[in-house]
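Chemist: One structure is given below, represented as structure tokens, and several questions about it will come after.
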Amino acid sequence: MPSLDTKTRGRTSRGRLRALDVYLCRFEQALLERRDGPWAQAVFVDVGFGEHPWTTLESAQAFRALNPALTVVGVELDADRAAAAQVDADARTHFRQGGFDLPLRAEEPARLVRAMNLLRQGPAERVPEVHRTLARYLMPSGLLVEGSADATGAVLCAHLLRRRTDAPDDAPFREGLLFHTDFSHGFAPVLFRDGLPRDLRRKVRPGEPIHDFFSAWTAAWQAARDAGHTHPPDAFREATVGLAERVGGVDVDPWLSSHGYLVWRPKEGVCF
Ligand SMILES: C[S@@+](CC[C@H](N)C(=O)[O-])C[C@H]1O[C@@H](n2cnc3c(N)ncnc32)[C@H](O)[C@@H]1O
């Protein structure tokens, strides 16, 4: 079978994935902290850390505030980048050359696999195969996060995919979509459209569920603005409430909506 790996540029920046770390620490705390049985060895894997391992190290620091013994494995397709990162390695922080067939040892199941800003090239049809490949390394109930963020991390969108044991073909459950903005570019739902995960980006067209979702979000945002909520964080918060009235599975947790996060978990999953 041909490799799913494709070379990409290594651009990254400090703080780019910080908002994702904050979300995971708050809403996946149990997953990050779990230490029973094989979970004691279960690692966090950052796939494709780029020309500097900044985001891996930032996540390691954030997650170890919850689980000081957590082992972190940064994986990079580019051998020179993997070699250069060795200066930041220590007993619990490893950097290894490898691709989607992750270079993990048998005694290193993954609790969390993150693949951010990787799937920019190559056919979108192959994305589910990449998800399946990466999810194979997860503990049951482990999480795969795959998506993209802009250069500074001001706008971020990601798939939340959960490993389950009852799926016939190892496909992870496409549990939800996570959106985040820090409001530095203001806010309108369209802000997220170009940064959607690769397999959804081309589907924002009439008749597709993701198009319906954006139409509903835009209508809710417009209604919020018409009601006087023009300040971007207010408009975001009000639009979340309005969207939840129009679309099932929108999380109305007040912390999320007041910090620029929107999580959509359609009951049947993001199966489109
Ligand atoms: C744009 S950088 C992203 C860096 C970082 N994840 C971030 O979000 O800022 C993408 C990196 O992923 C690496 N990469 C691409 N495909 C990969 C694969 N299949 N396995 C491991 N690394 C990969 C590239 O070599 C590149 O260094």
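The values are calculated or read from the model by the stated rules, or taken from the named source; none is laboratory data. Worth saying up front: this structure is predicted, and the values here are computed from it rather than measured. Cβ: placed from backbone, ideal geometry, glycine included. Neighbour counts: every protein chain shown.
Chemist: Could you pull out the residue among LEU161, LEU177 that is without any contact (Cβ under 8 Å) to a residue 40 or more places away in the chain, surrounded by 14 or more Cβ atoms within 10 Å (Cβ to Cβ) and either assigned by TED's automatic domain parsing to the domain that holds LEU138 or in a strand (DSSP E or B) (or both)?
Modeler: Just one listed residue meets the conditions, LEU161.
Chemist: Could we say that GLU208 is in contact (Cβ under 8 Å) with a residue 40 or more places away in the chain and outside the structural domain of LEU119 (by TED's automatic domain parsing) here?
Modeler: Taking the combined requirement at face value, the residue satisfies it.
Chemist: Quickly run through the range 238-264 and pick out the residues that are over 18 Å from PHE183 (Cα atoms), touching a strand residue (DSSP E or B) at 6+ places or on another chain (Cβ under 6 Å) and among the aliphatic types (A, V, I, L, M).
Modeler: Passing the criteria: LEU243, ALA244, VAL250.
Chemist: Right, next: Within the set of pairs 6+ apart or on separate chains, which have a first residue in the range 107-125 that is assigned by TED's automatic domain parsing to the domain that holds PRO38, a second that is more than 9 Å from the ligand (Cβ to nearest atom) and of a type in the set (Phe, Trp, Tyr), and C-beta atoms under 6 Å apart?
Modeler: These pairs meet every condition: ALA110/TYR137; LEU112/PHE44.
Chemist: Here's something else I'd like to know. Working only within the range 30-73, note down all residues that are away from the ligand (no atom under 11 Å from the Cβ), among the aliphatic types (A, V, I, L, M), under 19 Å from ARG14 (Cα atoms) and touching a strand residue (DSSP E or B) at 6+ places or on another chain (Cβ under 7 Å).
Modeler: The answer is ALA60, VAL72, VAL73.
Chemist: Return yes when LEU243 is within 25 Å of GLU28 (Cβ to Cβ) and under 17 Å from the mean Cα position of the chain (by Cα) and no when it is not. Write out each step before concluding.
Modeler: Values: within 25 Å of GLU28 (Cβ to Cβ): yes; under 17 Å from the mean Cα position of the chain (by Cα): no.
For LEU243, the condition - within 25 Å of GLU28 (Cβ to Cβ) and under 17 Å from the mean Cα position of the chain (by Cα) - is not met.
Chemist: Checking the conditions here, which among ARG198, ARG205 is more than 23 Å from VAL22 (Cβ to Cβ), basic (Lys, Arg) and surrounded by fewer than 16 Cβ atoms within 10 Å (Cβ to Cβ)?
Modeler: So the residue among ARG198, ARG205 that is more than 23 Å from VAL22 (Cβ to Cβ), basic (Lys, Arg) and surrounded by fewer than 16 Cβ atoms within 10 Å (Cβ to Cβ) is ARG205.
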